[in-house]
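Undergrad: Attaching a single structure in structure tokens format; questions to follow.
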Amino acid sequence: MNNEQVKNPTHYTQVPGIECWDVIQYFPANIAMAMKYLWRCGKKGDPVTDLRKAIQWIQHEIEKIEKGVEVKCPDLTAPSDHTRAILGKGMH
């Protein structure tokens, strides 16, 4: 495996200029993991497995919420300048 496959694997760089990490780093861990598997679905391995893994992480988050743990997701309706810059990279 070469260094580029480690740093910028193609299954996480499908949107030009935006890597999966650029987006998911702002989300709670369980939601980020689900997004990761949805992002790469069909691009690495079996897509059904990726979807099942995403469901598993979503289920973990649901269980946390049901126990009273507050979910703190970023407000994408009013993104920070940094978030806007990242999300705007692939939108040209």
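Read-outs throughout are calculated quantities, based only on the coordinates presented, and are distinct from any laboratory measurement. Everything quoted here is computed from the prediction, not taken from an experiment. We place every Cβ from the backbone using ideal geometry, glycine too, and count neighbours over all the protein chains shown.
Undergrad: From the phi of every residue in segment 21-26, what ³J(HN,Hα) in whole Hz does the Karplus formula 6.51 cos²θ - 1.76 cosθ + 1.60 yield, where θ is phi - 60° and glycine or proline is x?
TA: 4, 4, 9, 6, 4, 8
Undergrad: Another question, if that's okay. Based on the Cβ-Cβ distance of Trp21 and Lys67, what FRET efficiency does E = 1/(1 + (r/R0)^6) give at R0 = 30 Å, to the nearest 0.05?
TA: The computed FRET efficiency comes out at 0.60.
Undergrad: In sequence order, what are the phi-derived ³J(HN,Hα) couplings for segment 51-60 according to the Karplus relation 6.51 cos²θ - 1.76 cosθ + 1.60 with θ = phi - 60°, rounded to whole Hz, with x for glycine and proline?
TA: 5, 5, 5, 4, 4, 4, 5, 5, 4, 4
Undergrad: While we're here: Go through segment 30-47 residue by residue and turn each phi into a ³J(HN,Hα) via Karplus (6.51, -1.76, 1.60, θ = phi - 60°); whole Hz please, and just put x for glycine and proline.
TA: The phi angles translate into 5, 5, 4, 5, 4, 4, 4, 5, 5, 4, 8, 3, x, 9, 9, x, 6, x Hz.
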